[in-house]
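Structure record follows, encoded as structure tokens.
The values are calculated or read from the model by the stated rules, or taken from the named source; none is laboratory data. Just so it is clear, the model here is predicted, and its values are computed rather than measured. As a convention, Cβ positions derive from the backbone with ideal geometry for all residues, glycine included, and neighbour counts pool all protein chains shown. The area values use the complete protein model at the heavy-atom level, side chains included, leaving out ligands, DNA and RNA. Shrake-Rupley method; radii C 1.70, N 1.55, O 1.52, S 1.80 Å.
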Amino acid sequence: KNAYERRSHIQDIIINILSKTLTFLNPEKAYNILYEILKKITKDLNEDVDDDITLKFLFHCSCMIERVIRKDALPYSNLKKLINSKHYIFSILRKNFEIAEEIFGVNIPDTELAYIVEMFETHSDTLLQAEWDTL
């Protein structure tokens, strides 16, 4: 299979699982919008989009948007500390999620973005460790 066929097969699987997970959002629309946001974020962070971050991001963010629609956003302790120490990535996320806020008619709170900051930080650390391990 070429990369495009592989991608569309993975895409079909993700959309199928999202359709069983989501209550309000159209799974295909959520996938398409969030995947575009992910591509922009990884470009801004100069990182690659791999299957690992794609899965985590799509599932986390589609569920996050549903939580925000239900007015049930997750709390986050030490939010100010995280925003101050990770201001760069936080501002990239805030900028790139504006389109999702417009399309889905929500305001994503900083507490929810904080978990996505952590997701990218953990992902970057894992990639760096994997590179070190191959040296």
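List of remarks:
- Between Glu121 and His87, residue separation times 0.36 nm minus the direct Cα-Cα distance comes to 11.0 nm.
- Taking other residues whose beta carbon is less than 13 angstrom from the beta carbon of Thr42, and scoring Lys, Arg as +1 and Asp, Glu as -1, yields -3.
- Cα gyration tensor category, rounded, prolate or oblate, for the range 1-123 with a/c compared to 1.5: oblate
- Per-residue ellipticity at 222 nm from helix content only, as computed over the chain with -39500 (n - 2.57) for each DSSP H run of at least four residues, stands at -25500 deg cm²/dmol.
- A straight chain from Ser19 to Asn78 at 0.36 nm per residue would run longer than the Cα-Cα distance by 17.9 nm.
- Rolling a 1.4 angstrom probe over the protein heavy atoms with all chains in place gives the chain an accessible area of 60 Å² per residue.
- Accessible surface of the chain, 1.4 Å probe, proportion on carbon and sulfur as whole %: 53 percent
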